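One structure below.
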Amino acid sequence: MRTWLTSLLVFSLCVAFAQAAELRPPAQVTAGTPFPIASNGTGEGTFYLIGPAQISKRKVNLGGEISVQGDEVEQAGMYTAILCADQCTSVHFYVRPAQTSRLSLLVHPSRVPVAASNAISAVAFVFDRFHNLVLTPQKVDFKVVPPGGAAISQSKTTANGTAWIRLTSARKGGPAKVGASIGDLAEMRVVQQVASDACNLRIKAVPGPKGIAVETEPVRDCSGNFVPDGTVVSFTKTDASGKTTVDAPIKRGVTQVEMAVSGPARISVASGVVNGNELSLGGAR
Amino acid sequence: MRKLAITILRRLILLLAAGLVIVCFSFLQSQIHAASEAPKVDLNPDNVGPRAIEELTSKTIARDYANSWKTMAEALDKNRVDLLDGYFTGFAKDKLTQLIAQQKQTGVRIRYDDRGHKLDALFYSPSGDAMQLRDRAQLGIEILDGGKVIHNEEANMQYLVLMTPGADRWLVRDLVTTPEVKP
């Protein structure tokens, strides 16, 4: 019986000493912050630290604390610490992002028609100084400064490091500033608000050297903004010789064309999806 | 009579050896084939916002994410940074490039045996230029120092993925492991 007990004791002691060295990382680790990992055991071993963008390998003395430098844990995510002596033992821990220090702002589109509902979108991504997405909810203040108007602000809380907003463009054309901020961090983008489709398109006709000169009134959108030069206006003439369409760009706010007519004629005008007035001409020229 | 028996025995042994060679060759081929195949990716687009995912985009995302894992596993296994060009960009590419550089420096290597991914689309930007997804991946992970395996595990990992559209495919812009959030 005594022999049996002695054997059991010796076996247990052997098992205890033969146990692999253990690692005990802290419960919470922040990106870029140095910290110790406690180990047990005696003698020398090889320590490995494997992270999302990091692999470290060094000899360490077992039983003490293994120092991990801040630059070894700059990336947030899961790390695997491995200690190899007679056997290898491993432990996982997560590194959480550091404090918010960068804001990335995507604003689309860069040009937008005025008074377009929910036409502008702004998406903010919140990062720490190591480019880790900050996953804890953060309050992002979005701000829009229309040309010559008062700024409009709205706050959104991030989910998984992302916050977004949709905006309706202002009624007045010109550059609008769209920004996002968290505390002192701010990012700003400019969206060019351009006139929308023409509105109340009207033409008048006067006798010209080669026929009838047809000219639009200054072409504006429904908010009173001048439709940009270069926008095409189509004139359609219907007379005894048939139907003819002439396209011409807006120059200095108006469009002008000259058309030969034979007999009574009708001339209409359109720009994009917008139709203007129609003229009826009675004589030939 | 004895001579005949010996001849038959010899032929049997030869036949068995040939069979063994064929079986081994088929097994190796299937392993190579499995290693070069993209992993299975299931995408759940039902809970995404503010923009809905179009059917074609849904298929493209699943295909490109599978290819990104395939190329990442190959790049890490073979220490080849050039393989990352196809499906990675931005921070994700930077991190993996750094990881491969450190693999070369230390002689440590990470090997993935990819068992598949379940993707949940979380966010699709209104203008369609960024998509955030949660991936629940089943992986076999092996870490080697030289030829010696120092860590081996079957893991259920959770990743937060940011993908952005490229010229003809979606690219992984950020890939971060996150702790599993219990429902």
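Quick note: the coordinates plus some simple rules give every number you see, no bench work behind them. Note that the structure is predicted; figures quoted are calculated from it, not measured. Positions of Cβ are backbone-derived with ideal geometry, glycine not excepted, and every protein chain shown enters the neighbour counts.
Per-structure values
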| read-out | value |
| --- | --- |
| Efficiency of FRET between A:D197 and B:A52 - r from beta-carbon atoms, R0 25 angstrom, step 0.05 | 0.35 |
| Selection from B:V41, A:G64, A:A213, by position along the positive dipole direction of the protein assembly as shown (Cβ) | A:A213 |
| Mean ellipticity per residue at 222 nm, deg cm²/dmol - from DSSP H runs of n ≥ 4 across the protein assembly as shown, formula -39500 (n - 2.57) | -7000 deg cm²/dmol |
| Contact order relative to length of segment A:203-281, as percent, for alpha carbon pairs under 8 angstrom and 6 or more apart | 32 |
| Only Lys, Arg (+1) and Asp, Glu (-1) charged, at Cβ; chain A dipole about Cα centre in debye | 860 |
| Partner chain coverage, peptide A:100-111 - average Cβ within 10 angstrom | 1 |
| Alpha-carbon centroid distance for the pair segment B:77-118 / segment A:134-190, whole angstrom | 36 |
| Relative contact order (percent, whole number), chain A, Cα cutoff 8 Å, 6+ residue spacing | 11 |
| Spatially proximal lysines relative to A:K59 (Cα-Cα < 19 Å; intrachain offsets below 8 disregarded) | B:K104, B:K148 |
| With Cα atoms, 0 to 90° folded angle of helix A:2-18 axis to chain A main axis | 40 |
| Test item: A:47-58 mean partner chain Cβ contacts at 10 Å | 6 |
| Nonlocal amide H pairs with A:G63, under 5 Å, H built at 1.01 Å | A:S39, A:N40, A:G41 |
| Distance from segment B:135-159 to segment A:81-119 (C-alpha centre basis), Å | 22 |
| Options B:Y65, A:L185, A:Y48, ranked by Cα towards positive dipole end of the protein assembly as shown, top entry (Cβ charges) | B:Y65 |
| On Cα atoms only, tilt of B:55-78 relative to the major axis of chain B in degrees | 50 |
| Length-normalised contact order for chain B - Cα pairs under 8 Å, 6+ apart - percent | 20 |
| Derived scalar couplings ³J(HN,Hα) [segment A:110-118; Karplus, 6.51 cos²θ - 1.76 cosθ + 1.60; whole Hz; x for Gly, Pro] | 7, 10, 9, x, 5, 6, 9, 5, 6 |
| In sequence order, calculated HN-Hα J values of segment B:85-100 (Karplus, 6.51, -1.76, 1.60; Hz; x Gly/Pro) | 4, x, 10, 10, 8, x, 4, 4, 5, 4, 5, 5, 4, 5, 5, 5 |
| Low-density loop cleavage sites - chymotrypsin sites (Phe, Trp or Tyr not before Pro) in segment A:26-87, where at most 13 other Cβ are within 10 Å (DSSP) | none |
| Within segment A:173-212, trypsin sites (Lys or Arg not before Pro) in DSSP loop having at most 14 other beta-carbon neighbours inside 10 Å | A:R202, A:K210 |
| Per-residue HN-Hα couplings for segment A:41-50 [Karplus 6.51, -1.76, 1.60; θ = phi - 60°; Hz; x = Gly/Pro] | x, 10, x, 10, x, 10, 9, 10, 10, 10 |
| 12 Å beta-carbon shell around A:V219, net charge (K/R +1, D/E -1) | -1 |
| Across B:K40/B:K95; A:K177/A:K251; B:K70/B:K93; A:K204/A:K243; A:K143/A:K172, pairs whose alpha-carbon gap is larger than 26 Å | A:K177/A:K251 |
